Amino acid sequence: MHLFGLFDAFLTGLRVVASPVIRLMLMQILADAPYQFNHRTLPEPQYDFIVVGAGAAGSILAARLAETDARVLLLEAGGPAPPETSVPGLMPLTLGADVDYHIKLNTPPHLQQGFQDNSSFLNIGRTMGGGTTINAMIYCRCHKLDFDSWANQGNPGWDFESVLPYFKKSERYTGIVNPNTEKYHGRDGPISVGPVSFNSTATEAFLKAGRELGYDVVEEVAPTRSGFVLQLNTIGAGVRQSTAERFLRPNVRKSNLFVLTRAPVTKILFDKNKRAIGVEFFSNKKHRQVRARKEVILAAGAVFSPQILMLSGVGPARHLQEMGIKVLHKLEGVGRNYQDHAAIYNLPFAVTDGVTNSIFDFLSPKNLVDYIKQKSGPWARPFGVESPSYVKLGDGPLDWPDVSVPLMNTARSNLGLIVAVSDGDDLSLETFDRLLGPLKGRDTIAFVPMLLRPKSRGRVTLKSTSPFVQPNVDPGFLSHPDDEELLIRAIRFSFSIANTNAMKAIGAKWLSKPLRGCEQHPDTSKSYWRCFTRQLVSSFYHPSSTCKMAPSSDPMAVVSPELKVHGLKSLRVVDASIMPQIVSGNTAAPTFMIAEKAADLIKRDWGYPVYPPS
């Protein structure tokens, strides 16, 4: 069988056959299997607050608002999380499954020719907890200057010192505290955060390579972190820490909090004064409406929050008119300013057998028993990224990294099927063979060169007036020439890591064949890497910035520093879409912070007590 076909059959088989078995087993052995939130009972006709989306931000926000006596309704388009999502090592089974929107990106013809149909996918959680239920569980505070920059763009209260307490509020740090960074950790929050329980030989070599290149090994929470990093994860006692599980589950019996799943919101309802008075949603095969006494809060993420706004008549006037939607309120920035961490997932290197985590570790009966009894072993660890690096390769402040090169440290030994490297259900057959075929039967690692602060901008637009049709997502990859140049530098930096003595000691070796269409360029030359980059640039699954937080004088502004939608009443957006510019790292932890801060903003506005985070 063709190598790609074997990969596809293997992963499909796991999803179709193993998944139900795993679900039955996990329901019996996991005390922390995801709570099966009610998805049948219809809500009351009116609530104080309606939160749209139970993802990274919405779950936190709803739980915090329910700390008051306000009645809170949380509407989630997806269903309850299946039990396998609780197991860190089973993360690959969620990608492309029912709990993933798996949105096909709309890229120009000269890009992504290495993928099937010239396009890769964007994985977004479609279940309770959203992305925190399907992601790689990476906890990254990002850089102090990210937030200081937000404040400097006219958003007071969003500088690093002001948002730090809200990072700490949600965190329960479980690792050994370094006295130099102790003040940056939270100890009493709902979400357990700590280092991985085991570092492979490849990871140790990666950190040594960083030192060999002159970089420090630093802590992830350091406010100006630059160097090679031991990763932190949102895993507690061997179980994934999704926001739904850690914030909603403890509060699910509160009489003032109602959670309705499988209830996608189709539009926001407004009165004649442009005040949001409720939402329309779809549940049990019917369109229904529910009213909000105080506010409607969109927390549907950087793709679906702008879609809901546009379907409600709020957005770029020309686009809405072209779609036949009556313009309620013109806001040109809705769906604009899209940013993501453009990345190359596919820089695989063969290494000596036994230095990486193998899929056969997961198939070992002993390791399964260890997980059942002790929540330890490979099943209790993330399947993929184990250690990132943050470096400065472009222009600008020297202590503000613009590139990350994580180590993907999971191979499928002997089969040569590399989950974390291949993104295999996206790559074309030819690309898969040329990039990964020479690695068949070898243990493998990969580097993932990634832009932390891209200059390119994309856009989310409507494909249809139906709320059940996914919108167009044009990520804008490499639309700014500086991004292409910097990504090529990041690829070359990856090879600098591979060529260190530390990595050579574990046998790191590039074996891939030149990509089809790039053969005319000298191997590993700049012109070759330019061709390679254009074929394989893809998303690191961090969409952001499509409802930009900025003063109303900014033509792209959508929300104020209080996260209120400009020109409308009783409507806010609270998710990664409000970021003025994308943070220089994974977006989950900053989204937790946004939700924590938003909860206090809303409470203050309505006269509820606010207890300042320590």
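The values are calculated or read from the model by the stated rules, or taken from the named source; none is laboratory data. No experiment lies behind these values; they were computed from the predicted model shown. Note that each Cβ is placed from the backbone with ideal geometry, even for glycine, and that neighbours are counted across all protein chains shown. Areas reflect the complete protein model, heavy atoms only, side chains present, ligands, DNA and RNA absent. Shrake-Rupley method; radii C 1.70, N 1.55, O 1.52, S 1.80 Å.
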Return the total of residues in the range 130-164 being over 16 Å from residue 382 (Cβ atoms) and in contact with a Ser or Thr (Cβ under 7 Å, 6 or more places away or on another chain). 4
Among the candidates 217, 193, which residue alone is more than 22 Å from the chain's Cα centre (by Cα), within 28 Å of residue 447 (Cβ to Cβ) and of a type in the set (A, V, I, L, M, F, W, C)? 217
Looking at 569, 526, which is the one that is among the basic types (Lys, Arg), at pLDDT 95 or above and over 24 Å from residue 485 (Cα atoms)? 569
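Test residue 294 against the criterion of being part of a strand (DSSP E or B), more than 17 Å from residue 59 (Cβ to Cβ) and over 20 Å from the mean Cα position of the chain (by Cα), and give yes or no. Before you say what the answer is, go through the steps one by one.
On the way: part of a strand (DSSP E or B): yes; more than 17 Å from residue 59 (Cβ to Cβ): yes; over 20 Å from the mean Cα position of the chain (by Cα): yes.
For residue 294, the condition - part of a strand (DSSP E or B), more than 17 Å from residue 59 (Cβ to Cβ) and over 20 Å from the mean Cα position of the chain (by Cα) - is met.
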Report every pair of residues separated by at least 6 positions or lying on different chains whose Cβ atoms are under 6 Å apart, first residue within the range 474-486 and under 14 Å from residue 532 (Cα atoms), second in a helix (DSSP H, G or I). 478/484
Look through the range 99-116, keep the residues that are in a loop (DSSP other than H, G, I, E, B) and under 17 Å from the mean Cα position of the chain (by Cα), and return whichever of them is surrounded by the most Cβ atoms within 10 Å (Cβ to Cβ). 99
Give me the pairs: first residue in the range 275-290 and at negative phi and open to solvent by less than 50 Å² (accessible area, probe 1.4 Å), second residue hydrophobic (A, V, I, L, M, F, W, C) and in a loop (DSSP other than H, G, I, E, B), beta-carbon distance under 6 Å, and six or more apart or on different chains, which are they? 281/263; 283/263
If you go through the range 91-99 one residue at a time, do you hit one that is touching a strand residue (DSSP E or B) at 6+ places or on another chain (Cβ under 6 Å), closer than 30 Å to residue 483 by Cα and at pLDDT 70 or above? no
Kindly indicate whether any position in the range 175-182 is surrounded by fewer than 19 Cβ atoms within 10 Å (Cβ to Cβ), without any contact (Cβ under 8 Å) to a residue 60 or more places away in the chain and not in a loop (DSSP other than H, G, I, E, B). yes
Somewhere in the range 242-263, is a residue within 19 Å of residue 47 (Cα to Cα), out of contact with any Asp or Glu (no Cβ under 8 Å at 6 or more places or on another chain) and basic (Lys, Arg)? yes
Options 583, 574; residue that is open to solvent by less than 10 Å² (accessible area, probe 1.4 Å), at pLDDT 95 or above and either out of contact with any Pro (no Cβ under 7 Å at 6 or more places or on another chain) or small (Gly, Ala, Ser) (or both): 574
Kindly evaluate residue 81 against the criterion of being out of contact with any Asp or Glu (no Cβ under 7 Å at 6 or more places or on another chain), at pLDDT below 95 and open to solvent by less than 50 Å² (accessible area, probe 1.4 Å). yes
Single match in 122, 145 (criterion: in contact with a His (Cβ under 8 Å, 6 or more places away or on another chain) and at pLDDT 90 or above): 122
Hits in the range 323-344 - residues which are touching a Leu at 6+ places or on another chain (Cβ under 7 Å) and either within 23 Å of residue 485 (Cα to Cα) or of a type in the set (Lys, Arg) (or both): 341, 342, 344
For residue 496, work out the one condition from (1) open to solvent by less than 30 Å² (accessible area, probe 1.4 Å); (2) part of a helix (DSSP H, G or I) it doesn't fulfil. (1)
Filter result (more than 17 Å from residue 165 (Cβ to Cβ), touching a Lys or Arg at 6+ places or on another chain (Cβ under 7 Å) and outside any loop (DSSP other than H, G, I, E, B)) within the range 579-606: none
Exception for residue 609 within (1) at pLDDT 95 or above; (2) surrounded by fewer than 18 Cβ atoms within 10 Å (Cβ to Cβ); (3) in a loop (DSSP other than H, G, I, E, B) falls at (1)
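Residues are listed down the side, and each one gets a yes or a no for (1) in contact with a Ser or Thr (Cβ under 6 Å, 6 or more places away or on another chain); (2) of a type outside the set (A, V, I, L, M, F, W, C); (3) surrounded by fewer than 24 Cβ atoms within 10 Å (Cβ to Cβ); (4) without any contact (Cβ under 8 Å) to a residue 60 or more places away in the chain:
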position	(1), (2), (3), (4)
538	yes, yes, no, no
545	no, yes, no, no
555	no, yes, yes, no
566	yes, yes, yes, no
570	no, yes, yes, no
